[in-house]
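Visitor: Sharing a structure here in structure tokens format.
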């Protein structure tokens, strides 16, 4: 199927599947407007991941760890014929995963803290770990070792995560604003004070490369990506955000280290 037609099909199905609202584990409202907006704000990153993976063998079995709405997974399956599965934590499946499930993508219930739950050892050729490591409430090393365990010899890991040293964060710090989320004033009813936080830990490129190397991966490529800094697609995105991103693009083109997204491709050693 043509990718543009497939994108329109995805948007149409979002309208059908998320017509009534639900809440995720952070008590955010998940509805048609929320999912549509996320489709557009993540659009350029989705395209980058699809382009990156499409050059690999179509016989590769792919596991997307923390699949969420599965935008790029659907494109990889429907437009390129990849065998794609995804994992998601139990409490998020009902609110997030209706979309990829409607395209026949298998969702595995489990999380990286449950060693051995996600998949059999050496059962996948490629693991995608996109915008997940910053949310972890376990050691990232433990997570990476589990991912390495499920990859076949020579299997690849594609990892993306925000760049804590990006331009937006530098500007916030320079004006006295903290880039680390505040703890809630009232943590009663929570298992841990971090339960309501979105990002637990963000990384620089050097420490991320060091982390995957220590986990037993060989880095094939490491890139400061412009994808999250481009003007978002779609008319539903705030005009103010479009203007701000357009103003901040030139320095990011000149100095790649100021870009907001880290993309690493590494191979099981």
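Visitor: Scan 215, 269 and give me the residue that is touching a residue at least 24 places away in the same chain (Cβ under 8 Å) and surrounded by 13 or more Cβ atoms within 10 Å (Cβ to Cβ). Break it down stepwise before answering.
Guide: On the way: 269 fails: surrounded by 13 or more Cβ atoms within 10 Å (Cβ to Cβ).
Only one candidate qualifies: 215.
Visitor: If residue 111 passes every condition in (1) within 22 Å of residue 155 (Cβ to Cβ); (2) surrounded by 13 or more Cβ atoms within 10 Å (Cβ to Cβ); (3) at pLDDT 95 or above but one, which one does it miss?
Guide: (3)
Visitor: Any residue in the range 173-192 that is surrounded by 10 or more Cβ atoms within 10 Å (Cβ to Cβ) sitting within a Cβ distance under 6 Å of a residue that is outside any loop (DSSP other than H, G, I, E, B) and at pLDDT 90 or above? List the pairs, counting only those 6 or more apart or interchain.
Guide: 179/169; 179/172
Visitor: Can you list the helices (runs of 4 or more DSSP H) lying wholly within the range 1-116 that have 2 or more residues being closer than 19 Å to residue 227 by Cα, out of contact with any helix residue (DSSP H, G or I) (no Cβ under 6 Å at 6 or more places or on another chain) and touching a residue at least 40 places away in the same chain (Cβ under 8 Å)? First the steps, then the outcome.
Guide: Values: elements: 3-17, 32-41, 43-54, 71-80, 90-96, 98-102.
Ranges flagged: 32-41, 43-54.
Visitor: If you don't mind, there's one more thing I want to ask. Please go through the range 1-30 and pick out each residue that is crowded, with 16+ Cβ neighbours inside 10 Å and either touching a strand residue (DSSP E or B) at 6+ places or on another chain (Cβ under 8 Å) or over 19 Å from residue 105 (Cβ atoms) (or both).
Guide: 18, 24, 30 - these are the residues of the range 1-30 that are crowded, with 16+ Cβ neighbours inside 10 Å and either touching a strand residue (DSSP E or B) at 6+ places or on another chain (Cβ under 8 Å) or over 19 Å from residue 105 (Cβ atoms) (or both).
Visitor: Which one is nearest to residue 121 (Cα to Cα) among residues in the range 63-85 that are surrounded by fewer than 23 Cβ atoms within 10 Å (Cβ to Cβ) and in contact with a strand residue (DSSP E or B) (Cβ under 8 Å, 6 or more places away or on another chain)?
Guide: Once the filter is applied, the top-ranked residue is 85.
Visitor: Looking only at the range 142-165, filter to residues that are touching a residue at least 40 places away in the same chain (Cβ under 8 Å) and over 28 Å from residue 55 (Cα atoms); which one of those is surrounded by the fewest Cβ atoms within 10 Å (Cβ to Cβ)?
Guide: Restricting to residues being touching a residue at least 40 places away in the same chain (Cβ under 8 Å) and over 28 Å from residue 55 (Cα atoms), the top hit is 165.
Visitor: Right, residue 264: surrounded by 15 or more Cβ atoms within 10 Å (Cβ to Cβ), touching a helix residue (DSSP H, G or I) at 6+ places or on another chain (Cβ under 8 Å) and within 26 Å of residue 141 (Cβ to Cβ) or not?
Guide: Working: surrounded by 15 or more Cβ atoms within 10 Å (Cβ to Cβ): yes; touching a helix residue (DSSP H, G or I) at 6+ places or on another chain (Cβ under 8 Å): yes; within 26 Å of residue 141 (Cβ to Cβ): yes.
Here the answer is yes, as residue 264 does meet what is asked.
Visitor: With in contact with a strand residue (DSSP E or B) (Cβ under 7 Å, 6 or more places away or on another chain), outside any helix (DSSP H, G or I), under 15 Å from residue 158 (Cβ atoms) and at pLDDT 95 or above as the only criterion, which of 223, 209 stands out? Give the steps one after another, and end with the answer.
Guide: Working: 209 fails: outside any helix (DSSP H, G or I).
Just a single option satisfies the conditions, and that option is 223.
Visitor: Further question on the same structure: Please pick out the residue among 176, 189 that is part of a loop (DSSP other than H, G, I, E, B), farther than 21 Å from residue 49 by Cβ and modelled with pLDDT under 95.
Guide: When all the criteria are applied, what remains is 189.
Visitor: Please tell me if residue 133 is under 16 Å from residue 218 (Cα atoms) and modelled with pLDDT of 90 or more.
Guide: No.
Visitor: While we're on this one: Specify the residue that is farthest from the chain's Cα centre (by Cα); the eligible residues are those in the range 129-141 that are in a helix (DSSP H, G or I) and buried (at least 20 other Cβ atoms within 10 Å of the Cβ).
Guide: The selected residue is 140.
Visitor: Sticking with this structure for a sec: Taking the residues in the range 238-261 that are part of a loop (DSSP other than H, G, I, E, B) and surrounded by 20 or more Cβ atoms within 10 Å (Cβ to Cβ) as candidates, determine which candidate is farthest from the chain's Cα centre (by Cα).
Guide: Among those residues, the one meeting the criterion is 259.
The values are calculated or read from the model by the stated rules, or taken from the named source; none is laboratory data. The model shown is predicted, which means the values in this text are computed figures rather than measured ones. Glycine gets a Cβ as well: all are built from the backbone with ideal geometry, and neighbour counts include every protein chain shown.
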